[in-house]
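Note sheet for the following structure.
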Amino acid sequence: MTRIVLVHGIAQQFKGAETLSADWYPALSDGVGLASGKRIAPSEVSMAFYGDLFRPAGHRGIGIPDLDATDIQGDIESELLWEWWKFTATRDPAVPRPDAPARLRTPNMVQRALDALSHSAFFAGLSERMLIFSARQVRSYFTDPGIRAAAQHRLVAQVTPETRVIVAHSLGTVVAYEALCAHPYWHDLTLVTLGSPLAVRNLIFDRLLPRPIHGNARWPAPVTRWTNIFDEGDAVCLVKTLAPRFGGRISDLSVHNGAAAHDVRPYLSARETGQAIAEALAPGPSGVHAEQG
């Protein structure tokens, strides 16, 4: 009985649905318990896993491929690194500020961005190749129709007539938003987005399907309530609030996740997240009707 569908973000390619569920479930239960005193049974929760779509094909190396500044492909990867650099430089004194007005168009500038990010507290522990590979997953989602469709299908396959709430993190909020827009005959769903980059212009917002019109995105028809939760120090959700672009019905709430600003677990264990989920599960009219035909 899947009442809660979870949707993960990037850099999960070597895990799986069960591994991630085991990681997310305790924090989700803590958040709901803190807010309402209720308990969520494991059987009520399922993970829409799509990380394997980004798993590299077999090669002689171990883990992700060796990548460096010369491997950056296209505007999305370079612009994403640039935006991460700008954001972290404003909040972390250990990160030098970009002193060139131009975007990252050369390997030298890309290398400077990677060097700067490697010294930031936010990206601590991430190697250059992991930073590049993370940016590449975002590019792949938006430029590879097969990956985009397959990721959304993984979510659609988890939604049942008992589903009441979709909880999505990071790139998963993009997957969830587009899948919900593509299934207008579902109804009475609550959407909870955590650390969402949905409102980041050019990189994310302007690439969404359906396309935003005059700077405004379409409201996903099945969603009756949408709570967006962010940490001010989260470099992935560069634009924190979604209501200005997606509609005033969104409740944008700020939380503090400590040093792990983008980590899904402190997002899930926050009272604000638990409250949004508990309200969605409270008795009342609900349910998802699958599309016919």
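Condition check ((1) over 15 Å from the mean Cα position of the chain (by Cα); (2) closer than 21 Å to LEU281 by Cβ; (3) among the aromatic types (Phe, Trp, Tyr)) across all residues:
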| residue | (1), (2), (3) |
| --- | --- |
| PRO161 | yes, yes, no |
| HIS169 | no, yes, no |
| GLY172 | no, yes, no |
| LEU208 | no, no, no |
| GLY215 | yes, no, no |
| TRP219 | yes, no, yes |
| PRO222 | yes, yes, no |
| ALA243 | yes, no, no |
| SER254 | yes, no, no |
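Of everything listed in (1) part of a helix (DSSP H, G or I); (2) at pLDDT below 80, the single unmet condition for ALA113 is (2).
Got at least one residue in the range 205-216 being more than 21 Å from ILE4 (Cα to Cα) and crowded, with 23+ Cβ neighbours inside 10 Å? Looking through the range 205-216, none of the residues is more than 21 Å from ILE4 (Cα to Cα) and crowded, with 23+ Cβ neighbours inside 10 Å.
When the range 85-106 is filtered for residues that are among the acidic types (Asp, Glu) and modelled with pLDDT of 85 or more, only ASP92 remains.
Taking the listed residues LEU189, LEU203, LEU171, the one that is in contact with a Gly (Cβ under 6 Å, 6 or more places away or on another chain) and touching a residue at least 12 places away in the same chain (Cβ under 8 Å) is LEU171, with no other qualifying.
In the range 28-43, the residues that are without any contact (Cβ under 8 Å) to a residue 24 or more places away in the chain and surrounded by fewer than 10 Cβ atoms within 10 Å (Cβ to Cβ) form Cβ pairs under 7 Å with partners that are of a type in the set (S, T, N, Q) and assigned to a helix (DSSP H, G or I), at six or more places apart or across chains, as follows: ARG39/SER29. Within the range 147-158, residues that are over 8 Å from ALA179 (Cβ atoms) and at pLDDT 95 or above have Cβ atoms under 7 Å from residues that are crowded, with 16+ Cβ neighbours inside 10 Å and of a type in the set (S, T, N, Q) in these pairs: ILE147/SER140; GLN158/THR2; GLN158/SER46, counting only partners at least 6 apart in sequence or on another chain.
Working only within the range 225-251, note down all residues that are more than 16 Å from ALA270 (Cβ to Cβ), touching a helix residue (DSSP H, G or I) at 6+ places or on another chain (Cβ under 6 Å) and of a type outside the set (A, V, I, L, M, F, W, C). Matches in the range 225-251: none.
The values are calculated or read from the model by the stated rules, or taken from the named source; none is laboratory data. Bear in mind the structure is a predicted one, so any value in this text is a computation, not a measurement. Note: ideal-geometry Cβ built from the backbone for every residue, glycine included; neighbour counts use all protein chains shown.
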